[in-house]
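Everything on this sheet refers to the single structure shown next.
Please treat every number below as a calculation from the coordinates, not as lab data. Treat the numbers as computed from the prediction; the structure is a model and nothing was measured. Positions of Cβ are generated from backbone atoms using ideal geometry, with glycine treated the same way; all protein chains shown enter the neighbour counts.
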Amino acid sequence: MGEEPGAITILLHRWQEGDKEAESELFRLLMPELRRIAGRCFRGERPGQTIQPTALVNEAFLRLAAARNIDWQNRGQFLAISARIMRRLLIDRARARPTVRFTPMDGVPERVLGRNTPVELVITLDLLLEELEAESHQRRMIVELKFFLGLTDAEAAEVLNISLRTLQREWHVARRWLFERLTEEQWRSMSKTMNA
């Protein structure tokens, strides 16, 4: 509890107070992690997206810069909020584009073709996270940290300031909750993304 704040936390506080040098330094230091998060958002997507990972990072950072009311706690919280903003940006883009119809391929089993694109899965998961939030904010955060940021159990527990045992118990409950609401195909796709 009495632990000294890290360099990123200090920069976040300076940035919150309007320090432009701190903003530039944060962007430089966190860019590799932000790109990794953006890359996870694009994993499994078809080529030819109208937005690329670097543009997604830049747009998310601009949104964060405009949000002056966030009380920055630490690096983990910053990355979790960044991931949520990137996901929202992609979901908004996916919802805005016209529906594309594909011609069925004769003789190819439907299970091979699959029904959900990764963006559709993310939209479904986003709606479920809203439901999960009503039951448990902590479980929603755990799913976001594990699924969208790819954090380990220990890293997620540190971000949430809870014990590893509590994190693992809550993660188990959250996964079971999601499993009951996703189709088998969606669950396999989500699990594959989490384990990649």
### Query
What list do you get for R169, R40, R181 if you sort them by fewest beta carbons within 10 Å?
R169, R181, R40
### Query
When only C-alpha pairs under 8 Å and at least 6 residues apart count, what is the relative contact order of the range 124-178, in percent?
32 percent
### Query
By average Cβ neighbour count within 10 Å, what is the ranking of 73-80, 133-140 from highest down?
73-80, 133-140
